Structure formats: structure tokens, C-alpha cells
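Undergrad: Dropping a structure here in C-alpha cells format, bear with me for questions.
The values are calculated or read from the model by the stated rules, or taken from the named source; none is laboratory data. Since this is a predicted model, take the numbers as computed values, not measurements. Cβ coordinates were reconstructed from backbone atoms using ideal geometry, including for glycine residues, and neighbour counts include every protein chain displayed. Note: areas computed on protein heavy atoms with side chains; ligands, DNA, RNA excluded. Shrake-Rupley method; radii C 1.70, N 1.55, O 1.52, S 1.80 Å.
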Amino acid sequence: MKQITLAIFTLLLFCGCSIKETSLKPYNYTLEPMLTLDHIGNPNQDVLKVAYVDSPSGLNSRAILYKKDGATQPYKYGTWSETPPLKLQHLITEALMDQHHFGSVISGTSMAANNLVLEPVLQNFEEVFREDGTSYVHITLRVRMVEIKSGEVLGSTKLTSKKDVVNTNGAEGTVEAFNAATAEIIKNLSVWINEVRK
Amino acid sequence: MENRLSYILVGAFVFVLLIGGVFSILWLGNYSDKGTYKFYKVATKESVSGLNEKAPVKLRGVQIGEVRSITINPKNAEEVLVTIRVQEDSPIKEDTYAVIEAQGITGLSFIQLQGGTNNAKDLKTSGKTEEYGIIYSRPSTFSRLDKTITSLSSKAEMIFERAETVMSEKNVKNLELIIENSAKIAESTSKTMANIEAHNKEITQLLQEAAAAAKGIKEMSYSFSSAIDTTGVGTMNKVKEAATSVTTVMGGLNQKLEKGSFDVDIVVKENIMPLQKSLQELQVLLNETKDLVSNLKDSPSDLLFKEETIKPAPNER
């Protein structure tokens, strides 16, 4: 009797598995903006550390987020390879390093001594769907430049970028729009940072 | 009938009547200088207003003479000299003093002579104006009263001023506050006393326990003292050896620090920086776990059957 009962339960379990929808594994996308930064002003000998990008917990995940009818939800078949705050930190560091305005630009985990810190706060990083079905990506980044020795805030600004999603082929088109918006944000950041620390 | 009245007789009668009237007036006015008198000068620094010539001079209430003249002392502008005439047999002594007093409510004054004991010598005087004996005056009752009232009124005025200052609006408010606070304190004290009384038994018990504890500590101190005497020396030697070891270790550590082979800053950075990255990843993991747990909470069967699926985005169809 026991053996029959066990067999029935096993059969039911496998039946459940068999009717389960076969889900596709989501694609991993990487944020890769095409950047060509112009250098403004004279280079200086400051060592700038780009701190970890602070963000709300909702943005600190690998999900590609979109907002529709006021609700924020993740893409089903697409995720980020790194979280947007971490990737943005690397992108900003690399971009400013290539610009050669500062003596050196280091990441938050570097052991080098620095005299300036750039503190970014990511406020928006999502795709927003309009009522007509079209969408745009929205990025808002607030940054502060702080001198470590005195603790003085040298400057603060809010950078915003909105780009329409042209390619509607799933998350791929959204990632393209995010790349364009990120490129604009970093470009504006480099212009601002050159003016703050001439 | 012929009038036989003699005009000479009538004239003589009227003349005699007139002479008699004049004498009567002189007698009544006591203008005559009959009797023998002696003269004194009363020296006073008070005002003599109301004191006139012919004002009576009394000795212990008995009129013995009169005022003859009142002048300012030419040698002392602050002093008034009143020349009086008293009967020859009046006992004016060296300790006799004069007081100018008022006669009722008329505003007139008279000189009252007081003092003058039997043992004292007679006050010498002379018939010459310059050598009259001088009787010094003392403040009259009215003067003393006046001074006293003036002093009292000035003091009262000062007191009222101070009282007004003390009872200012601000101070009155403060006083009200003080009284209010005093009332609260009194109430609080009353409650505290009630509590103390209520806890009196507990306090007594506590004191007994404290006494027992003190006794215990005393005994323990004796034990401790004896323990130190017996084993303390050895322990202290061991402590000394341990301190020497610590000094050696710290010396070595100090040498390493000076050489730079042991930099706390480097050690911290080397360990903390990688940890920071791990913490960031852990944070991401926590967020994802939180989402997972939240989904499972909504639909626990997902753990086996995964019925709840993520809805595709509008452009993922």
C-alpha cells in the first residue's frame, strides 16, 4: 500500500513539472556608452576618487526596470550584467581618466591617496512607457565634489537625460537608449567637473 | 428854673477821672518797673518766630519774668540772643536751660526755663548788657517733634520708594511665580514625605542589609588582607614578569612601526577595500533575496511549481 501511495505522489509531482512553462534564460546586457569627451581648461594635479554610486535599493539590482501606469517592474527576458550604480561608477572613472583633466582618477576601492572625492547619487534609472505605447529612458544623477582635507563641498549639480526608445525589440532597444542617455550624462558631468576644478 | 451846675466842678471831675483812668491803665499794664530784676541772655539756634518782646518767661511753669529784646548774635549768624528779665530772687542755676514753647494754638511762644538743681551754682550775671549770663537753649518739644516727623517722613518716603521698586510689575510676577513654585515644592515635599513614610519599612530593611553588607565587606577586607600577606607577594612578582613581557612585545611592535613594516593604515586599507566590494555585492544579493522572499510570501507554491511568472514588458511580446 505504501509503495502505491508513494508512486502516485511521485507521478503527481512529475505531472506538475511537466505542465510548467519552459522559461527562457534572460539575456545579460552591459551598459556601454560610446564616449568621446572634450577636455576643457588646464590639467591639474588633483587626485579624484569616484565614490560608489549611492542609490535607492530598488535601483541596486541587475533588473532592467520599466515604469508603466505608475508601477515599476523588471524586464522578463533581459537583465544587466552589473548593477547600474556599480557600472556607472566604472564608466565615470574610466571616462574622467581618459579626459586627463586630473592628475589621476581612481575608483572607490583604490588604496591611492586622494584630495578630492566625487560623490554620485543615482536617483532615476528606468524606462518610462507613455500611454500611446512609446517609451523613453530616464536617468537622473546628482553629484557632489568634496575636498577631503577641509570637508568643503566645492560644487553640486543634478544631471538629467531622457532618450526615446527607438528600437522596440525587447530589452535590446531599451539598452541602446540607456547607452545614449548615459553617454549624455557622463559628458555633461565632465563639462561640469572641469568648471568646478579648473 | 435856673441851672445852677458849676462848670468848674464838672471840669475838675472829668480831669480827675481822666488822670485816674490813665493811672489805672498804667497799673493794670504793669508798666512800672517796681521791684528788682536781673537780666540773662538765652542763646538759641532755633527759629524764634512767635516769640515777642514781653513774652512770658516761666520757670517750671511759674512766670518769673519777660522777654526784653530779641537780636541775632552779631558774632554768630546762626544764633539768636533773647534778653530776658527775671525776678531777682528767681533761682537761675548754671544747669538751667531754656526751651522755646508754644502757647496753645495762638502761634505765640514763651520761654520755659527748666533744669536747675539745688546742688548747682547760681548762674552769674551782671547789670551790664555785655556781661549778662547766658542760658543755653535746648530744642523745643515742637522742634524735636518736627525733626522727628521730618526724619520719619523722609524715611517713610524712602521706604515707599523702595517698596514701589520692590513691588514692580516684574517683581510681582516673579513673586507670584515664587509663591506658585513654593506651593508646588510644598506639595511635592508632602508627597515625598508620604512616600518616605510609606517606604519607611523598606528603608529600614535596606539599612539593615547595608549594615550586613558593610560587615561582610569588613570581613572580606580582613580575608583579602591576609591573602595578600600570604600569596600577594608571589602574585605581584608574576604581574611584574607579565608587565616585562608586555613591554618587550610593545617594544618590538614599536620598532616595526618605526621601520614602516607594520603600518596600521596600510593594513586597514588592504583588508577594508576588498571588503567594501564584497559588501556591495552582498547588498545586491540581499536585494534580490528580499524580492525572492517577497514573491514566495505571496505565492509559496512557486518554490515547487513556479506558477507566478514575471509579466513580459510591453515591448517583449
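Undergrad: Within segment B:275-310, can you find the residues that are within 7 Å of chain A (Cβ to nearest Cβ) and modelled with pLDDT of 75 or more?
TA: If the condition is that a residue be within 7 Å of chain A (Cβ to nearest Cβ) and modelled with pLDDT of 75 or more, then B:Gln276, B:Lys277, B:Gln280, B:Gln283, B:Val284, B:Asn287, B:Glu288, B:Ile310 are the ones that fit.
Undergrad: Can you say whether B:Gln103 is under 45 Å from the mean Cα position of the chain (by Cα), open to solvent by 50 Å² or more (accessible area, probe 1.4 Å) and without any contact (Cβ under 8 Å) to a residue 60 or more places away in the chain, as far as the supplied structure shows? Steps first, answer last, please.
TA: Details: under 45 Å from the mean Cα position of the chain (by Cα): yes; open to solvent by 50 Å² or more (accessible area, probe 1.4 Å): yes; without any contact (Cβ under 8 Å) to a residue 60 or more places away in the chain: yes.
Answer is yes for this residue.
Undergrad: Any chance segment A:10-26 includes a residue that's surrounded by 10 or more Cβ atoms within 10 Å (Cβ to Cβ), closer than 30 Å to A:Ile185 by Cβ and at pLDDT 70 or above?
TA: Within segment A:10-26, one or more residues are surrounded by 10 or more Cβ atoms within 10 Å (Cβ to Cβ), closer than 30 Å to A:Ile185 by Cβ and at pLDDT 70 or above.
Undergrad: Evaluate segment A:114-131: report whether one residue or more is over 19 Å from the mean Cα position of the chain (by Cα) and either at pLDDT 95 or above or open to solvent by less than 10 Å² (accessible area, probe 1.4 Å) (or both). Full working, then the answer.
TA: Within segment A:114-131, the subset over 19 Å from the mean Cα position of the chain (by Cα) is A:114-117, A:130-131.
The next check asks that each one be either at pLDDT 95 or above or open to solvent by less than 10 Å² (accessible area, probe 1.4 Å) (or both); those that pass are A:116.
Yes, some residue in segment A:114-131 is over 19 Å from the mean Cα position of the chain (by Cα) and either at pLDDT 95 or above or open to solvent by less than 10 Å² (accessible area, probe 1.4 Å) (or both).
Undergrad: Give segment B:236-264 a look and list any residue that's at pLDDT below 70 and open to solvent by 80 Å² or more (accessible area, probe 1.4 Å), or say none.
TA: B:Ser261, B:Val264
Undergrad: Further, regarding this structure: Among the residues of segment A:132-176, count how many are surrounded by 20 or more Cβ atoms within 10 Å (Cβ to Cβ) and polar (S, T, N, Q).
TA: The total comes to 3.
Undergrad: Here's a follow-up. Looking at segment A:111-136, I want the residues that are away from every other protein chain (no Cβ under 12 Å) and have a partner that is among the small types (Gly, Ala, Ser) and outside any strand (DSSP E or B) with Cβ atoms under 6 Å, at least 6 apart or on another chain. Which pairs are those?
TA: Pairs that qualify, where the first residue is away from every other protein chain (no Cβ under 12 Å) and the partner is among the small types (Gly, Ala, Ser) and outside any strand (DSSP E or B), are A:Val117/A:Ala51; A:Glu119/A:Ala51; A:Leu122/A:Ser55.
Undergrad: Going through segment A:39-83 one residue at a time, which ones are out of contact with any helix residue (DSSP H, G or I) (no Cβ under 6 Å at 6 or more places or on another chain), buried (at least 22 other Cβ atoms within 10 Å of the Cβ) and within 12 Å of another protein chain (Cβ to nearest Cβ)?
TA: Answer for segment A:39-83, where residues must be out of contact with any helix residue (DSSP H, G or I) (no Cβ under 6 Å at 6 or more places or on another chain), buried (at least 22 other Cβ atoms within 10 Å of the Cβ) and within 12 Å of another protein chain (Cβ to nearest Cβ): A:Lys49, A:Ala63, A:Tyr66, A:Trp80.
Undergrad: Hey, could you check segment A:143-182 for residues that are in contact (Cβ under 8 Å) with a residue 40 or more places away in the chain and within 14 Å of chain B (Cβ to nearest Cβ) and say which is nearest to the chain's Cα centre (by Cα)?
TA: Residues of segment A:143-182 that are in contact (Cβ under 8 Å) with a residue 40 or more places away in the chain, as a first pass: A:143, A:145, A:154-155, A:170-172, A:174-175, A:177-182.
Among the residues that remain, those that are also within 14 Å of chain B (Cβ to nearest Cβ) are: A:170-172, A:174-175, A:177-178.
Numbers: A:Gly170: 18, A:Ala171: 15, A:Glu172: 15, A:Thr174: 13, A:Val175: 11, A:Ala177: 12, A:Phe178: 9 Å.
Out of the qualifying residues, it is A:Phe178.
Undergrad: Only one of A:Lys67, A:Lys49, A:Lys87 is among the charged types (D, E, K, R), under 25 Å from B:Leu285 (Cα atoms), modelled with pLDDT of 85 or more and not in a helix (DSSP H, G or I). Can you tell me which? Outline the logic, then answer.
TA: Working: A:Lys49 fails: under 25 Å from B:Leu285 (Cα atoms); A:Lys87 fails: not in a helix (DSSP H, G or I).
The conditions single out A:Lys67.
Undergrad: Which residue is nearest to B:Arg162 (Cα to Cα), if the candidates are limited to segment B:173-222 and must be of a type in the set (Val, Ile, Thr) and either open to solvent by less than 80 Å² (accessible area, probe 1.4 Å) or touching a strand residue (DSSP E or B) at 6+ places or on another chain (Cβ under 6 Å) (or both)? Don't jump to the end; show me each part of the working.
TA: Applying the first criterion (of a type in the set (Val, Ile, Thr)) to segment B:173-222 yields B:178-179, B:185, B:189, B:192, B:196, B:203-204, B:217.
Then drop every residue that is not either open to solvent by less than 80 Å² (accessible area, probe 1.4 Å) or touching a strand residue (DSSP E or B) at 6+ places or on another chain (Cβ under 6 Å) (or both), which leaves B:189, B:192, B:196, B:203-204.
Details: B:Thr189: 34, B:Thr192: 39, B:Ile196: 43, B:Ile203: 50, B:Thr204: 52 Å.
Among residues in segment B:173-222 that are of a type in the set (Val, Ile, Thr) and either open to solvent by less than 80 Å² (accessible area, probe 1.4 Å) or touching a strand residue (DSSP E or B) at 6+ places or on another chain (Cβ under 6 Å) (or both), the one nearest to B:Arg162 (Cα to Cα) is B:Thr189.
Undergrad: Looking only at segment B:132-172, count how many residues are in contact (Cβ under 8 Å) with a residue 12 or more places away in the chain, farther than 17 Å from B:Leu81 by Cβ and open to solvent by 100 Å² or more (accessible area, probe 1.4 Å).
TA: Matching residues across segment B:132-172 total 1.
Undergrad: Separate question: Identify, by number, the condition in (1) within 25 Å of the chain's Cα centre (by Cα); (2) more than 13 Å from chain B (Cβ to nearest Cβ); (3) at pLDDT below 85 that A:His100 doesn't meet.
TA: The single condition A:His100 does not satisfy is (3).
Undergrad: Something else about it: For B:Thr129, which of the numbered conditions (1) loosely packed, with under 10 Cβ neighbours inside 10 Å; (2) within 30 Å of B:Thr36 (Cβ to Cβ); (3) hydroxyl-bearing (Ser, Thr, Tyr) fails to hold?
TA: (1)
Undergrad: What strands (runs of 3 or more DSSP E), lying completely within segment B:51-91, carry at least 2 residues that are among the hydrophobic types (A, V, I, L, M, F, W, C), open to solvent by 30 Å² or more (accessible area, probe 1.4 Å) and modelled with pLDDT of 90 or more? It would help to see each step written out before you state the result.
TA: Numbers: elements: B:56-59, B:62-72, B:80-87.
Result: B:62-72.
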